[in-house]
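Inspection log for the structure reproduced underneath, given as structure tokens.
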Amino acid sequence: MNTNNQIASQEIIIFDTTLRDGEQSPGASMTKEEKIRIARQLEKLGVHVIEAGFAAASPGDFDAISEIAKIIKNSTVCSLARASENDVRRAGEAIKHAAFGRIHTFIATSKIHMENKLRMTEDQVVERAVQAVKWALEYTPDVEFSAEDAVRSDIDFLVRVFDAVIEAGATTINVPDTVGYSIPAPWGERMATLIKRVKNSDKVIWSTHCHNDLGMAVANSLAAVSNGARQVECTINGLGERAGNASLEEVVMAIKTRSDIFNLTTRIDTTQIVPTSKLVSTITGYPVQPNKAIVGANAFAHESGIHQDGVLKHRETYEIMRAEDVGWNANKLTLGKLSGRNAFRTRLKELGIELESEDAVNAAFSRFKDLADKKSMIFDEDLHALVSGEFVHEASENYKLVYLHVASITGETPHAVMTISDNGQEKRAEADGGGPVDASFKAIESLVNSGAELQLYSVNNITSGTDAQGEVTVRLAKGGRIVNGQGADTDIVIASAKAYLNGLNKLHAKDEKMNPQV
């Protein structure tokens, strides 16, 4: 699939950067296995371009991009690269096995960036941009160029840069609002002006990449689309550094729902939106707020009696789209306590989960059986949580929960008794706390003395019902490193202890790369 030659002008290219820009959220760094699972789901969702990472950022990122490039067949696999020879060549090597590969190179074009960060003149920036495109063309004919901080760049200089890189062979031109500074009307006007003034603008795909610092990333993206952009760069759940990126699900459903205005299409299978959202949330440890558009738990809930009455009489009185069209109510019962190993393995494969060894499958199946004894209905979300919370970091687990007993009685101080395995050696501790979770965390720290700072503690139910698993996320920071730990269990205190230990294991893991922005 050549995204530049075979995309109809009325079809919007969805460029997903969850695995690259989304991963730059504090603590959201993913392992290779996690990235592969998300990439498989993005392919199932119908994403045109998957920006799989920043190949020059670390050996781990390079390896993940290479593996994704070998696996993905129906989406273009892209690597980001600064406008430097090393970056571009690393990106080219990373995507060399892709069925469809792209190099996305960038350089800053605003005065504040050129003078204070790059220490380069305008002439030098243009020369470097052109050279980067030429290096990239040695590896793939699909080359995207971005003018970093285009929102604050001089429009005449942007025209000059874009003229030069198009002449050099760039096939996609991205105009990013890197700092989330713009608002819709001027952003749409900037896109229209550039398309009008740049020579050979009809020979390339115009793209927009908007950040959400002022809460307008989606609105700005749609304004760009209305003025000629035919690629939108976005992330699942709006994940991304600072306030995040334009939300893929909101962009796609706005275009679909308001076809009367846009008269455009995407190739996204919208029924995969909610499953994708839940997978990304589970893996990154970033819960989706209940009132989040499209994928929030309350997105299709009606509390007002007037609204309830209207929806019951005619759905469209208060609903502009159907819940099932974006994948709600699709978490049907998949397995139960009587399900066999083969059915379990088959369902994992359908979900894009491939465990590396027979031992891993057996261990996962054993834990699945334990979970089935605790709750009668096992949903896809349960399986994702089971695998993410228990197995992705199993190879680097220094600490494991062996035993936990917590007493929380009205009028008395909560008390936790705990045994953990520390590299195979069992250790026991007791501690009091302000609550059962606090007591459990203090018991852990009395054993490990990690020195980590607890920055976030979040609880989210994985599915509905009183027997649902609770999914706990903790964010730990130490020595400039930030990780998210996750744990799931039908007992929320046990889930909390698992999450804390998971976070400690990530801090210890040798293969866990630092956040890209660090």
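Here, each number is a calculation from the coordinates, and none is a lab measurement. The shown structure was predicted, so the numbers you read here are calculated from the model rather than taken from an experiment. Here Cβ is always computed from backbone atoms with ideal geometry, including for glycine, and neighbour counts include all displayed protein chains.
Quick rundown of the values:
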| read-out | value |
| --- | --- |
| Segment 133-165 - residue that is within 13 Å of K199 (Cα to Cα) and not basic (K, R) and, of those, surrounded by the fewest Cβ atoms within 10 Å (Cβ to Cβ) | D156 |
| Residues located in segment 255-291, provided they are part of a helix (DSSP H, G or I), crowded, with 16+ Cβ neighbours inside 10 Å and out of contact with any Asp or Glu (no Cβ under 9 Å at 6 or more places or on another chain) | I255, F262, Q272, V280 |
| Tabulated pairs, segment 439-461, first closer than 14 Å to K400 by Cα, second assigned to a strand (DSSP E or B), C-beta under 6 angstrom, 6+ apart or interchain | S440/A416; A443/A416; A443/M418; A443/A429; A443/A431; L447/K427; L447/A429 |
| Pick from segment 423-465, criterion in a strand (DSSP E or B) and more than 34 Å from the chain's Cα centre (by Cα), ranking: surrounded by the fewest Cβ atoms within 10 Å (Cβ to Cβ) | Q425 |
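Residue-wise test of (1) on the phi < 0 side of the Ramachandran plot; (2) crowded, with 20+ Cβ neighbours inside 10 Å; (3) not small (G, A, S).
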site	(1), (2), (3)
N174	yes, yes, yes
S182	yes, yes, no
L194	yes, yes, yes
Q231	yes, yes, yes
A243	yes, no, no
E249	yes, yes, yes
V252	yes, yes, yes
